[in-house]
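All remarks here apply to the structure that follows.
The values are calculated or read from the model by the stated rules, or taken from the named source; none is laboratory data. This is a predicted model, so every value here is computed, not measured. Remember, those area values only see protein heavy atoms, side chains included, never the ligands or the DNA or RNA. Shrake-Rupley method; radii C 1.70, N 1.55, O 1.52, S 1.80 Å.
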Amino acid sequence: MELLNNTTEPGVYNTAINVIGGLRDCSVIFKAIDSHFSQSDSLKELVNQRNEFNLRTEKSRTRIEREVRKSFLQFENEDHQELIQGVFSECVPLQDKELVLVWQFALNNRLFREITSRVFVKTYYSGRASISKDDIMAYLKEFIRQNEFLQISWSENTINTLSTKYLNLMSKLDFLSTGNAR
């Protein structure tokens, strides 16, 4: 199995959170990881032929397949790959799988990692009982303002959607209850 270097170029921020956070539930990501390691299945079959992500258009299926591959199916080395394969192929409790999924996404997506570490974790450790879309939007706007050299030109709508989809994903992974994500 080919190992891919998961690190994105320094300064590169992509909005895969919008795609991943828009999935109906995270069980399809677990299935995608299982199919990646299966000898008799593949992510392409899962997404395109069986349409287990329940997507209407080929364009949507292609986008989901690409983002799932980039976000969850890239590994630093063989040990990392074997760890992920073991977690998702054995009888590991769902809560542990969800935690590993967050770690894997954070390893492969710089924007998700930074929102998680700079907004979610800080909010959690500050003792606050909730995190809001406004918290994430404020972080993103300040980040863009302080890093103009990165030339990130996300619209207000993109920032809003990123914030919403981030909270959706963290709720689906049981890191937030819907009452704690506003």
- Query: Once the Cα atoms of helix 27-37 and of the chain are each reduced to a long axis, what angle between those two axes, in degrees from 0 to 90 to the nearest 10, is obtained?
  - Reply: 50
- With the other protein chains left in place, how much accessible area per residue, in square angstrom, belongs to the range 20-174 at a 1.4 angstrom probe? 54
- Could you please put Asp41, Asp174 in sequence from largest to smallest accessible area, using a 1.4 Å probe? Asp174, Asp41
- Item | Rounded to whole Hz, the Karplus (6.51, -1.76, 1.60) HN-Hα couplings of the range 108-123, x for glycine and proline | 9, 9, 4, 5, 4, 4, 6, 5, 4, 7, 9, 10, 4, 5, 4, 5
- Task: Using only Cα atoms, tell me the angle between helix 156-172 and the longest principal axis of the chain; keep it within 0 to 90° and round to the nearest 10.
- Result: 50
- Task: Determine the shape class of the range 54-120: with a ≥ b ≥ c the square roots of the Cα gyration tensor eigenvalues, call it rounded for a/c under 1.5, and otherwise prolate if a/b is greater than b/c, oblate otherwise.
- Result: oblate
- Item | Accessible-area order (highest first, 1.4 angstrom probe) of the listed residues Thr178, Thr62 | Thr178, Thr62
- Message: Please list, ordered by chain and number, the residues whose modelled amide H lies under 5 Å from the amide H of Asp41; skip anything fewer than 5 residues away on the same chain.
- Response: none
- Task: Just report the Cα centroid separation between the range 90-126 and the range 132-163, whole Å.
- Result: 20
- Shape of the range 77-182, Cα gyration tensor, a/c cut at 1.5: oblate
- Which three extents, in whole angstrom, do the alpha-carbon atoms of the chain cover along their principal axes, largest first? 47, 35, 34
- Note on the structure: Of the accessible area of the chain, computed with a 1.4 Å probe and all protein chains kept, carbon and sulfur make up a percent value of 48
- First check a/c for the range 98-155, with a ≥ b ≥ c the square roots of the eigenvalues of its C-alpha gyration tensor; if it is under 1.5, answer rounded, and if not, answer prolate when a/b is larger than b/c or oblate otherwise. oblate
- Item | GNM top mover of Ser153, Ser42, Ser117 - the chain, alpha-carbon springs below 10 Å | Ser153
